[in-house]
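The values are calculated or read from the model by the stated rules, or taken from the named source; none is laboratory data. Keep in mind that what you see is a predicted model, and the values were worked out from it rather than measured. Glycine also receives a Cβ, built like all others from the backbone with ideal geometry; neighbour counts cover every protein chain displayed.
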Amino acid sequence: MMRVFSGIQPTGTLHVGNYSGALRQFVRLQHEAECVFCVVDLHALTLPHDPSRLAHDSRSVAALYLACGIDPERAVLFIQSHVPAHSELAWLLNCTAQTGELGRMTQYKDKGRGRQSVSVGLFDYPVLMAADILLYGTTHVPVGDDQRQHVELTRDLAERFNRRYGEVFVVPQAMIPPVGARIMALDNPAAKMSKSADSDAGRIALLDPPDRIRQKVMRAVTDSGTEVRYDPAEKPAVSSLLALFAALSDEPVEAIAARYRTAGYGAFKRALAEAAVERLAPIRERHDALMADPAGLDRILRRGAERAEALALPRLRAARDRLGLMPRPAATAERLAAAQSGEAAPSAAAQGAAARRT
Ligand code: TYM
């Protein structure tokens, strides 16, 4: 059985690039495979962040998964930090990963560029991502193009660990859509559309209102010439817009290109804007309804965390065993579970009294 895992960071504003490269595949895959999807809040700590927003943003990303069509009865949907096995396995894998390979990660170099100093967390980020993936016996990781290198590293770590300590991890493969895996910024086709870029004009947020969407699309930078053609090398801007159109309308890119080939950029952009409005308006409405019922959303996420933890713990235990760590006493495991659910840990005296009663 195919086991799918993927995650999205609750940093900045989710945009149509995230939809095209990731969310859209997730919605399809939940009908074909066992799927585990995560809001990776621990990853959001790797760059300076606003603590007063993180919980809200994490709920909002969870609501967007649901609003885009993830069915929490089918797929497991949860918040990364609610399952502490992720951080624990990240530590175990830290002792298999090497500083040289982490230093070569392009995202680390890009995100660290221009900063006086970066956190150890930013450097270590791909190891936490590897832990996310490997905990679940994942076979396939649907991601956009920018995460390819991180999935490669995950494969290396899994193979190295298995070779050194014995077979524990499934070696996963990246699943990158052939079209739409790298949507470019609307105001700069040389740069990837990004959640955190300063310029809001470069991205269509999933929660942008219709007028804002129309305005941004109409102002999008295009290539020289007038022909609408899918040719990423010669026409990077128009090709990215075509890929976006395909993602938002579920139509093949060739069919869209054929329809607008000679129509001119203006007509093409107007049609793209309408496709975006049509796809995003219901997503925004569903998101807002889910956010208006935080208790309902939290119930879904609590159940998701329970299911995720049940899937993750056997493999974490296997990794601990292979590394030679002492088995964890059962009482510790219970206390950890109680602490995690927010209940007071039973005191030693209360436990003694309970034991005497039985
Ligand atoms: P994140 O949160 O930056 O992005 C979420 C997903 O969206 C894809 N994506 C894009 N696809 C097409 N065009 C774009 N312009 C674009 N920008 C982003 C990303 O490739 C990603 O699939 N490290 C990950 C989150 C993560 C993860 C994981 C993913 C943590 N653990 C385990 C998979 C498995 C990240 O920061 O994605």
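Per-residue answers, yes or no, for (1) in contact with a strand residue (DSSP E or B) (Cβ under 8 Å, 6 or more places away or on another chain); (2) of a type outside the set (D, E, K, R):
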{"site": "Gln25", "(1), (2)": "yes, yes"}
{"site": "Cys35", "(1), (2)": "yes, yes"}
{"site": "Cys38", "(1), (2)": "yes, yes"}
{"site": "His49", "(1), (2)": "no, yes"}
{"site": "Arg53", "(1), (2)": "no, no"}
{"site": "Asp57", "(1), (2)": "no, no"}
{"site": "Ser60", "(1), (2)": "no, yes"}
{"site": "Glu73", "(1), (2)": "no, no"}
Check: Within the bounds of the range 78-90, is there any residue that is under 16 Å from Ala22 (Cβ atoms) and at pLDDT 95 or above?
Finding: yes
Margin query: Quick check on the range 74-85. Is at least one of its residues away from the ligand (no atom under 15 Å from the Cβ) and within 20 Å of Gly12 (Cβ to Cβ)?
Written below: no
Next item on the list: Would you confirm whether any residue within the range 51-66 is of a type in the set (S, T, N, Q), touching a Gly at 6+ places or on another chain (Cβ under 7 Å) and touching a residue at least 24 places away in the same chain (Cβ under 8 Å)?
Entry: no
Check: If only one of Arg307, Arg335, Arg315, Arg328 is surrounded by 11 or more Cβ atoms within 10 Å (Cβ to Cβ), modelled with pLDDT of 70 or more and in contact with a Gly (Cβ under 9 Å, 6 or more places away or on another chain), which one is it?
Finding: Arg315
Check: within 22 Å of the chain's Cα centre (by Cα) and either buried (at least 22 other Cβ atoms within 10 Å of the Cβ) or free of Cβ contacts under 8 Å to residues at least 24 places away in the same chain (or both): does that describe Ala197?
Finding: yes
Next item on the list: Considering (1) touching a Leu at 6+ places or on another chain (Cβ under 9 Å); (2) among the aliphatic types (A, V, I, L, M); (3) more than 20 Å from Ile176 (Cα to Cα), say which one Leu23 fails and leave the rest.
Entry: (3)
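Report yes if Pro178 is surrounded by fewer than 18 Cβ atoms within 10 Å (Cβ to Cβ) and either on the phi < 0 side of the Ramachandran plot or in contact with a Gly (Cβ under 8 Å, 6 or more places away or on another chain) (or both), otherwise no. Steps first, answer last, please.
Details: surrounded by fewer than 18 Cβ atoms within 10 Å (Cβ to Cβ): yes; either on the phi < 0 side of the Ramachandran plot or in contact with a Gly (Cβ under 8 Å, 6 or more places away or on another chain) (or both): yes.
Yes, satisfied.
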Notebook entry, point to check: So is Ala271 of a type in the set (Gly, Ala, Ser), farther than 19 Å from Gly21 by Cα, in a helix (DSSP H, G or I) and more than 16 Å from the ligand (Cβ to nearest atom) or not?
Noted result: yes
Check: Mind checking which pairs have a first residue in the range 177-193 that is within 20 Å of Val141 (Cβ to Cβ) and near the ligand (Cβ under 8 Å from one of its atoms) and a second that is at pLDDT 95 or above and in a loop (DSSP other than H, G, I, E, B), Cβ under 7 Å, 6 or more apart or different chains?
Finding: Ala181/Gly144; Arg182/Gly144; Ile183/Met193; Lys192/Arg182
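Select from the range 286-300 the residues that are farther than 30 Å from Val221 by Cβ and either assigned to a helix (DSSP H, G or I) or touching a strand residue (DSSP E or B) at 6+ places or on another chain (Cβ under 6 Å) (or both) and list them in ascending order.
Scanning the range 286-300 gives Arg286, Asp288, Ala289, Leu290, Met291, Pro294, Ala295, Gly296, Leu297, Asp298, Arg299, Ile300.
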Note to self: Scan the range 2-12 and tell me whether some residue there is more than 10 Å from the ligand (Cβ to nearest atom), free of Cβ contacts under 8 Å to residues at least 40 places away in the same chain and not hydrophobic (A, V, I, L, M, F, W, C).
What the structure shows: no
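I need a count of the residues in the range 14-59 that are away from the ligand (no atom under 11 Å from the Cβ), closer than 23 Å to Gly202 by Cβ and within 14 Å of the chain's Cα centre (by Cα).
Residues meeting the conditions: 1.
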Notebook entry, point to check: Of Val217, Val228, Val238, Val253, which residue is more than 28 Å from Pro282 (Cα to Cα), surrounded by 15 or more Cβ atoms within 10 Å (Cβ to Cβ) and not basic (Lys, Arg)?
Noted result: Val228
Checklist line | Whichever residue in the range 128-148 is more than 7 Å from the ligand (Cβ to nearest atom) and touching a Pro at 6+ places or on another chain (Cβ under 7 Å) and, among such residues, is nearest to Gly180 (Cα to Cα) | finding: His140
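Yes/no per residue for (1) modelled with pLDDT of 95 or more; (2) exposed (fewer than 15 other Cβ atoms within 10 Å of the Cβ):
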{"site": "Gly100", "(1), (2)": "yes, yes"}
{"site": "Lys109", "(1), (2)": "no, yes"}
{"site": "Leu122", "(1), (2)": "yes, no"}
{"site": "Ala131", "(1), (2)": "yes, no"}
{"site": "Asn162", "(1), (2)": "yes, no"}
{"site": "Tyr165", "(1), (2)": "yes, no"}
Next item on the list: Just give me the residues in the range 133-160 being within 26 Å of Val238 (Cβ to Cβ), of a type outside the set (Asp, Glu) and crowded, with 17+ Cβ neighbours inside 10 Å, in sequence order.
Entry: Pro142, Val143, Gly144, Gln147
Check: Does Val151 satisfy being touching a Pro at 6+ places or on another chain (Cβ under 8 Å), over 22 Å from Ala197 (Cα atoms) and within 12 Å of the ligand (Cβ to nearest atom)?
Finding: yes
